[in-house]
1. Looking at (1) surrounded by 19 or more Cβ atoms within 10 Å (Cβ to Cβ); (2) part of a loop (DSSP other than H, G, I, E, B); (3) among the hydroxyl-bearing types (Ser, Thr, Tyr), which is the one condition that is false for residue 48?
2. Suppose the filter is touching a residue at least 12 places away in the same chain (Cβ under 8 Å) and on the phi > 0 side of the Ramachandran plot; does residue 37 pass it?
3. In the list 206, 153, 196, which residue meets the criterion of being modelled with pLDDT under 90 and surrounded by 16 or more Cβ atoms within 10 Å (Cβ to Cβ)?
4. Could you list, in sequence order, the residues of segment 160-177 that are over 18 Å from residue 7 (Cα atoms) and basic (Lys, Arg)?
5. Within segment 63-70, identify whether any single residue is crowded, with 20+ Cβ neighbours inside 10 Å and in a loop (DSSP other than H, G, I, E, B), and answer yes or no.
6. Just name the residue that is farthest from the chain's Cα centre (by Cα) out of those in segment 71-82 that are surrounded by fewer than 17 Cβ atoms within 10 Å (Cβ to Cβ) and farther than 12 Å from residue 10 by Cβ.
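The values are calculated or read from the model by the stated rules, or taken from the named source; none is laboratory data. Note that the coordinates shown come from a computational prediction; the quantities given were computed from them, not determined experimentally. Neighbour counts are summed over all protein chains in view; Cβ atoms, including those assigned to glycine, are modelled from backbone coordinates with ideal geometry.
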Amino acid sequence: MTDPLLSLQVKALRCARGHQRLRDGLSFEVRARGAIGISGANGSGKTTLLDTLCGLCIPLGGDVKVAVGGTSQIITRWSYEKRRAAGLRRLFQKSPGLPNRPLWELFESFGVLHRSSSSIANILWSVDNTLWCKTRLGECAPDQLMRCPNAIAGNLSFGQTRVLMISLLLQSGGKLLLLDEPTVGLSEEMRQHVSAAIRRSIELGACAIVADHDDAFLRSVCSEILVLG
């Protein structure tokens with residue numbers, strides 16, 4: 001079993017999108033139970049930085065290193081799949097369109113279907129308390145609820161889809177979270193719920209890098225904010 005990632009160190013990283021160089025000499029470190037916010041205007045390189053950290057973009061220079069206990073390893077050339085297997089989880093800026101298939105299939109693909117009923121109930125509740133009301137949850141087990149005819153992934157709104165993807169990501173056991181504008185399109189109430197959920201994951205040992213335009217949201221989650229541009 002792969003050890004969880006406990007810290008990530010970026011040293012003199014040079015990021016580029018295509019032939020356009022976005023950032024030179026970027027260095028920082030985020031440790032377990034810590035979070036760094038990435039702020040900046042559109043086009044400043046926030047998403048490109050996360051793409052580079054998760055292995056979807058190759059940097060022009062510099063290193064990305066992870067440490068588990070007293071052992072560190074350079075992962076600059078690791079693929080996205082290898083980084084994910086080691087504990088990295090990425091929330092993309094745009095949530096994918098969900099298929100018209102039962103939610104339990106989506107839960108199974110994220111590896112959370114066989115977790116405790118309370119964990120599944122928390123995810124369902126976080127999506128929308130009008131879609132799955134407390135009385136409904138009280139009448140049947142969460143795994144049964146996911147098989148109800150109206151529990152179809154493709155029927156969710158944009159906001160519901162966004163919260164569902166965040167909830168699944170936080171429940172999937174990742175130890176290094178790369179979150180790209182997690183609260184986009186959400187109400188203020190749901191933004192507060194998402195903020196609390198991210199903080200809880202960090203308290204349980206994860207480390208996070210969060211990119212967002214909203215500095216107030218970043219301050220609610222992160223102890224340090226790095227401004228690009």
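1. Of (1) surrounded by 19 or more Cβ atoms within 10 Å (Cβ to Cβ); (2) part of a loop (DSSP other than H, G, I, E, B); (3) among the hydroxyl-bearing types (Ser, Thr, Tyr), only one is false for residue 48: (2).
2. Working: touching a residue at least 12 places away in the same chain (Cβ under 8 Å): yes; on the phi > 0 side of the Ramachandran plot: no.
For residue 37, the condition - touching a residue at least 12 places away in the same chain (Cβ under 8 Å) and on the phi > 0 side of the Ramachandran plot - is not met.
3. Values: 206 fails: modelled with pLDDT under 90; 196 fails: surrounded by 16 or more Cβ atoms within 10 Å (Cβ to Cβ).
Checking each option against the conditions leaves just 153.
4. 162
5. Checked against the condition, which is being crowded, with 20+ Cβ neighbours inside 10 Å and in a loop (DSSP other than H, G, I, E, B), segment 63-70 yields no hits at all.
6. Only one residue tops the list, namely 71.
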